[in-house]
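The values are calculated or read from the model by the stated rules, or taken from the named source; none is laboratory data. This structure is a prediction, so every number in the text was calculated from the model and none was measured. For neighbour counting, all protein chains shown are included, and Cβ atoms are generated from backbone atoms with ideal geometry for every residue, glycine included. Keep in mind that these areas ignore ligands, DNA and RNA; they rest on the heavy atoms of the full protein, side chains included. Shrake-Rupley method; radii C 1.70, N 1.55, O 1.52, S 1.80 Å.
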Amino acid sequence: MGLPPYATLGQRIWYYSFRVICGLIFFFLVAPIVVVMPLSFNAQDFFTFTPEMLRLDPAGYSLKHYEDFFTNPQWQLALKNSLIIAPIATVISVSLGTLAAIGLSQSHVPFKGTIMAILISPMIVPLIISATGMFFFYSSLGNWMESVLGLNKGFVGYVKVILAHAVLGIPFVIITVTATLVGFDRSLTRAAANMGAGPVTTFFRIQMPLILPGVISGGLFAFITSFDEVVVVLFVGSASQKTLPWQMFIGLREQISPTILAVATILVVISIALLTTVELLRRRSERLRGMSPG
Amino acid sequence: MAETMLAADGTPLKRSLARALRRQKLRALALIAPLLIFVLITFIVPIASMLFRSVENEIVQNTLPYTVQELASWDAATGEVPDEPVFEAMYFDMFIAAEAKRHTRLGTRLNYEQTGLSSLFRQSGRKLDDLGKDIQKPLEKLNSDWKDGETWYAIFNGAPADTALLATQRARVAALTDNPTEGDVNFAPRADIAQLLPKTARAYTAWAVFEATQDGRDPATRDPWEALPVALATDLQTADLSAYSGPGADLLRAAQSADLPTPDFTAAFTDMDEDWATIIPWQTIQTHSSTYTGGYFLNAVDAQKTPEGIAWQPDDKQILLKLFGRTIWMSLLITFSCIALGYPVAWLLANLPMRKANMLLILVLLPFWTSLLVRTSAWKVMLQQQGVINDVLVWIGLVDDANRLIMINNQFGTIVAMTHILLPFMILPMYSVMQTIQPSYLRAAKSLGATNWTAFWRVYFPQSVPGIGAGSILVFILAIGYYITPEIVGGTKGVFISNRIAYHISSSLNWGLAAALGSILLAAVLVLYWAYDKIVGIDNVKLG
């Protein structure tokens with residue numbers, strides 16, 4: 001939709017000003033994220049560009065905030081916790097979620113609507129409400145695990161946070177995997193069965209490779225949900241289970257340190273990598289299902 | 001000619017098919033079941049427990065069981081303080097509650113309804129021993145055997161036991177302390193003494209159960225609480241010991257004939273705090289003694305339950321309705337800002353060639369995928385008084401260095417940051433709707449003589465309304481439940497109801513009110529989702 005050669009002056013002005021407006025909105029969307037990155041290399045403990053930085057003087061830049069992130073025991077504990085909690089929660093949501101999505105995509109499922117509503121509900125209910133409910137329930141669950149099962153306190157703390165995060169990730173797995181299964185050609189499994197493959201072989205050799213892109217992108221969503229989640233972990237976990245977002249949240253609310261910006265930059269780089277992965281997977285999945293790549 | 005069709009194995013085809021269908025259903029359910037159970041336990045049950053907690057009010061009943069019973073027949077409307085039996089029941093209830101350190105918790109609970117009760121309960125718990133000492137000393141002077149816990153144990157323990165009394169006291173202590181009271185207590189109240197000295201037997205049994213199950217000590221060798229002499233003195237006023245010949249009969253008779261001071265519970269409570277001589281604390285206890293209460297929901301909408309019925313809170317405590325209003329108002333503002341900013345972008349994306357649109361779409365998806373905490377901290381950096389935006393404005397001379405704009409810790413900060421965070425949720429549904437609008441309609445309108453504006457407003461816009469609707473409901477639902485961003489950039493003026501919920505959970509510890517606020521918010525969100533499902537369909541939710 002270019003500008004036609006016969007466009008009037010008014011149309012030209014509108015055409016260009018509309019582009020400018022859209023440019024400003026895109027700027028609004030991206031600027032805060034982009035601004036954070038150079039600031040994280042600030043040699044000073046400020047949250048703004050120092051004169052040295054504006055002059056592009058190398059003395060104005062340093063890696064000290066990154067160094068702090070990688071040496072400070074608080075941040076390292078948070079990083080370690082995030083890397084323990086998110087993957088385990090993801091494995092739980094992906095394995096249970098994929099099975100259930102396959103079950104849901106069968107043709108005759110009784111109470112399908114109700115089941116679907118229950119499974120999607122963790123995404124619908126605002127986090128603060130989930131966190132409130134979990135706060136009440138998980139503290140009694142934790143007491144029970146400690147006193148009756150005799151588990152140690154730290155372990156129980158992780159179990160609580162992991163369970164909470166796993167259930168928050170489930171809707172994403174269900175949605176992405178069911179979406180992939182919609183385009184799944186059932187005659188393929190029938191053909192496999194016809195040739196003598198058992199249900200397990202059919203699942204792993206035929207169905208799984210075809211729905212794998214959906215499973216992986218569901219898993220990525222579940223991972224991001226847990227990795228980025230702060231409200232529930234604040235309510236359910238204790239200080240020894242603090243995750244990266246928890247540490248950032250505390251830092252933002254109390255004494256704000258520029259290390260947060262270094263962490264933010266690292267997280268932005270990670271999210272760009274994840275975004276690229278999901279996009280590639282989506283294209284691959286559409287190609288596999290014979291749709292045009294879009 | 002109705003001839004039944006047969007399947008290969010000889011069964012009628014109909015039955016064979018039905019069986020296959022049933023097997024298929026079972027297999028589907030078996031695949032779904034693990035996840036369904038998981039979600040029910042880890043998510044639905046917690047939500048249900050929150051809903052339950054918003055109406056649950058067992059604490060008054062559990063802490064002061066006998067007082068509540070005695071108070072039932074008291075009529076506050078007379079304006080007179082309750083009779084002596086109420087004070088008496090209160091003394092014994094309070095004593096064991098103070099030993100279990102639960103009286104302050106009740107004080108805190110009642111303080112939500114009536115300011116001042118928290119300190120009243122705390123202080124009275126501390127002064128409760130005075131009355132006991134006044135009676136304990138003369139009793140022990142009379143016979144030093146009373147000092148000895150074994151004397152008491154010998155009098156009250158034995159067979160045949162009053163098992164009903166033991167069971168009720170076990171249940172009472174369990175309810176009071178939230179701890180189990182099963183197991184051996186090495187004590188059983190003897191039936192004859194329980195009938196003769198009912199109040200003392202009750203108090204002694206409660207003590208023995210508490211001692212054995214909560215502190216893990218053997219009641220046979222321990223000295224009982226100071227409340228026991230008081231109970232004994234009360235019982236001895238009326239007990240007829242002439243026919244009693246069990247253990248300690250002589251001791252008891254001697255105590256009865258000696259002139260022990262008569263416990264005056266009303267005076268004792270009035271001494272502790274004059275507020276007990278007013279009807280206020282009694283009225284509050286009576287009004288809030290039911291096991292289930294709508295009180296928290298009333299508090300959540302700035303009302304309260306009073307003895308005269310439902311009334312508004314005093315003006316200085318009316319903040320929650322205002323906060324609900326502000327939450328809705330700000331969420332609407334955020335939704336409208338998202339529409340205003342999202343519509344042009346979605347239109348541009350839908351009308352550019354695919355390759356260019358995909359490039360620009362990345363600019364929308366990048367913030368969508370970036371951590372919420374990163375975006376919130378970015379806005380904190382941007383909006384601060386020494387932040388990037390102010391620096392730029394000062395640099396180009398629009399703002400004086402001394403009068404930097406205050407853009408954070410107020411409503412402006414919350415609205416800007418949340419508009420940015422939620423904008424992708426508006427753009428993506430709008431974009432997917434606009435992609436389906438045929439450009440030929442617009443061309444047709446123009447060729448029929450419509451101006452650019454008319455063609456857009458009369459032809460294009462109505463077709464894009466479903467996208468606006470879907471995006472708006474999504475953004476609005478997400479906005480009213482937001483917690484993190486308002487907490488960090490909202491200050492005190494720009495916070496939402498969710499911040500109040502968090503405050504009641506972690507700071508004021510008024511969990512019942514937090515649960516009630518949460519339930520109201522949940523109901524609002526569910527209604528909106530129901531609307532979303534009717535308009536858009538939950539199945540059309542797309543990610544990325």
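In chain A, Cα pairs under 8 Å separated by at least six residues give a relative contact order of 27 percent.
Indicate the gyration tensor shape class of chain A (rounded, prolate or oblate), computed on the Cα atoms with a ≥ b ≥ c the square roots of the eigenvalues: a/c under 1.5 is rounded; otherwise a/b larger than b/c is prolate and the rest oblate. It comes out oblate by the Cα gyration axes.
Taking amide H atoms as placed 1.01 Å from N in the peptide plane, the amide H of A:N42 lies under 5 Å from those of A:S62, each 5 or more residues away in sequence or on another chain. Averaged over its residues, the protein assembly as shown has an accessible area of 46 Å² per residue, based on protein heavy atoms and a 1.4 Å probe.
Amide H to amide H distances under 5 Å link B:T306 with B:A311, where only residues 5 or more positions off or on other chains count and H is placed in the peptide plane.
Rounded to a whole number, what % of the accessible area of chain B do carbon and sulfur atoms account for, probe 1.4 Å? Summing carbon and sulfur atoms, their accessible area is 58 percent of the total for chain B. For chain B, the 222 nm mean residue ellipticity estimated from helices alone, with every DSSP H stretch of n ≥ 4 adding -39500 (n - 2.57) and the total spread over all residues, rounds to -20000 deg cm²/dmol.
For region A:204-294, the set of GluC sites (Glu not before Pro) satisfying both a DSSP loop assignment and a count of at most 15 other C-beta atoms within 10 Å is given as A:E254.
Excluding ligands, DNA and RNA and using a 1.4 Å probe, chains B and A jointly bury around 7700 Å² of accessible surface, summed across both partners. Within region A:140-159, list the residues whose amide N lies under 20 Å from a label point set 7 Å along Cα→Cβ of B:V45. Those under the cut-off are A:140-153, A:155-159. With a simple spin-label model that places each label point 7 Å from the Cα along the Cα-to-Cβ direction, the separation between B:D75 and B:I310 comes to 2.6 nm.
Other residues within the sphere of radius under 15 Å centred on the Cβ of B:S144, judged by their own Cβ, net out at -3 (K and R +1, D and E -1).
For chain B, leaving out every one of the GluC sites (Glu not before Pro) that falls in a DSSP loop and has at most 12 other Cβ atoms within 10 Å, the longest unbroken run is B:309-544. Please state the shape class of the protein assembly as shown: rounded when a/c is under 1.5, otherwise prolate if a/b exceeds b/c and oblate if not, all from the C-alpha gyration tensor. It comes out prolate by the Cα gyration axes. If the elastic network links every pair of Cα atoms under 10 Å, which of A:G157, A:G198, A:G251 fluctuates the most in the Gaussian network model of chain A? Ranking A:G157, A:G198, A:G251 by mean-square fluctuation puts A:G198 first.
Given axes a ≥ b ≥ c from the Cα gyration tensor, I'd like to know whether region B:151-280 is rounded (a/c under 1.5), prolate (a/b larger than b/c) or oblate. Oblate shape, in that a/c is at least 1.5 and b/c is the bigger or equal ratio.
A cut-off under 10 angstrom between Cβ atoms defines the neighbours of B:A417, and their net charge, with Lys, Arg +1 and Asp, Glu -1, is +2.
So which of A:K160/B:K534; A:K64/B:K380; B:K317/B:K534; A:K64/A:K242 end up more than 28 Å apart by C-alpha? With Cα atoms farther than 28 Å apart: A:K160/B:K534; B:K317/B:K534.
Say the cut-off is 20 Å between C-alpha atoms; which of A:K112/B:K25; B:K133/B:K199; B:K101/B:K199; A:K112/B:K14; B:K322/B:K493; B:K127/B:K147 go over it? Checking Cα-Cα distances, B:K101/B:K199; A:K112/B:K14; B:K127/B:K147 exceed 20 Å.
The loop-placed trypsin sites (Lys or Arg not before Pro) in region B:98-155, going by DSSP, that have at most 13 neighbouring Cβ atoms within 10 Å of their Cβ come out as B:K101.
Spin-label model, A:V34 to A:T114: label points 7 Å out along the Cα-to-beta-carbon direction sit 5.3 nm apart.
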